[in-house]
1. Nearest 5 percent is fine: what portion of the DSSP beta bridges confined to the chain is antiparallel?
2. Just the number, please: carbon plus sulfur as a percent of the accessible area of the chain, 1.4 Å probe, no ligands or DNA/RNA counted.
3. Could you order the peptides 31-42, 198-209 from most to least packed, using the average number of other C-beta atoms within 10 Å per residue?
4. If I build a Gaussian network model for the chain, linking alpha-carbon pairs within less than 10 angstrom, which residue out of Ala247, Ala159, Ala218 has the largest mean-square fluctuation?
5. Which links in Lys125/Lys161; Lys174/Lys197; Lys24/Lys125; Lys91/Lys225; Lys110/Lys161; Lys94/Lys126 stretch past 18 Å when you go from one Cα to the other?
6. Once you put a point 7 Å from the Cα of Ser27 and another 7 Å from the Cα of Phe258, both along the Cβ direction, what distance in nm separates them?
7. Return the calculated 222 nm mean residue ellipticity for the chain, to the nearest 500 deg cm²/dmol, obtained by summing -39500 (n - 2.57) across DSSP H runs with n ≥ 4 and dividing by the residue count.
8. Restricting to bridges with both residues inside segment 1-127, how much of the DSSP beta-bridge set is antiparallel, in percent to the nearest 5?
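The values are calculated or read from the model by the stated rules, or taken from the named source; none is laboratory data. Because the structure is predicted, anything quoted here is derived from the model rather than measured. Here the Cβ positions follow ideal geometry from the backbone for every residue, glycine too, while neighbour counts run over all protein chains shown. Surface accessibility is based on the protein's heavy atoms, side chains included, excluding ligands, DNA and RNA. Shrake-Rupley method; radii C 1.70, N 1.55, O 1.52, S 1.80 Å.
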Amino acid sequence: MIKQVLSIAGSDSGGGAGIQADLKAMSANGVYAMSVITAITAQNTEEVTDVFELPTSIIAAQLDAIFDDFDVAAVKTGMLSSAEIIQTVVKLLKPQQVTHLVVDPVMIAKGGQPLLKPDAIDTIKKNLFPLALLVTPNVHEAQQLSGIKITSLADARRAAKIIHQFGCANVLIKGGHLTKERGTDLLYDGRFFHIYKGEFIDTPHTHGTGCTLASAIAAHLARGKTVPDAVQTAKTYLTEAIRHSLAIGHGKGPTNHFYFLNQG
């Protein structure tokens, strides 16, 4: 039977990131994708113009509806926006004992707009990270979480150790924004580091890459891969999705989730 994977995240009206990217990435990686929407953003390839956080009661109702009916093999979280939303998600996820929880600690949109309130950062570290099999910050998010400026892999190692202490089983620091060794990702499991050297594709069209990677990882964890293997498979997928990225809109275009389909 097809594995069922849930994304808990915000909606991106432009379709390049958020829930929309998650559903595409999960589907492209062979699982059935479901969603719990936490917030609605008015967003395109250039900017986020407005954000409306959904009431926690409807977020809770969505979660109940999913877990009452589906056999959820993995969960990925993205934009959680506020401390109240994080606490609601944690309260409802805890009793489900989700073994494959991937937390993408979304803090800032590609255009620079904040997507997580400052007081919510502590809540995500203290309450959500301890439930996570994997946390997937980019360099900017890892800097905020660890308090360390990251320009090299050595810095990323130090940051990963600090973030791991918040209680997650594994930390993946994504290297797309490293000033040295760009495109190289770092996985830390509390004992060992795993380096994923990657091809850095020089394109502005990278809207939704973080959402896409975390969702692809969750899909492959659901399908039975180990964390290191799921990360490698997802990274290979994302590299091709970026290589075939779409120059649509007037800003940073989205990755091409279904690059392997003939779109001629």
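1. Numbers: 13 of 36 bridges.
Once the DSSP bridges in the chain are tallied, antiparallel ones form about 35 percent.
2. Working: 5960 of 11450 Å².
Carbon plus sulfur share of accessible area: 52 percent.
3. Working: 31-42: 20.3, 198-209: 18.5.
Taking the mean over residues of other Cβ atoms within 10 Å, the ranking is 31-42, 198-209.
4. Comparing Ala247, Ala159, Ala218 in the GNM, the peak value goes to Ala247.
5. On the way: Lys125/Lys161 14 Å; Lys174/Lys197 11 Å; Lys24/Lys125 28 Å; Lys91/Lys225 27 Å; Lys110/Lys161 26 Å; Lys94/Lys126 14 Å.
Over 18 Å Cα-Cα: Lys24/Lys125; Lys91/Lys225; Lys110/Lys161.
6. 0.6 nm
7. My calculation for the chain gives -11000 deg cm²/dmol from helical runs alone.
8. Working: 6 of 23 bridges.
Counting only bridges with both partners in segment 1-127, antiparallel ones make up about 25 percent.
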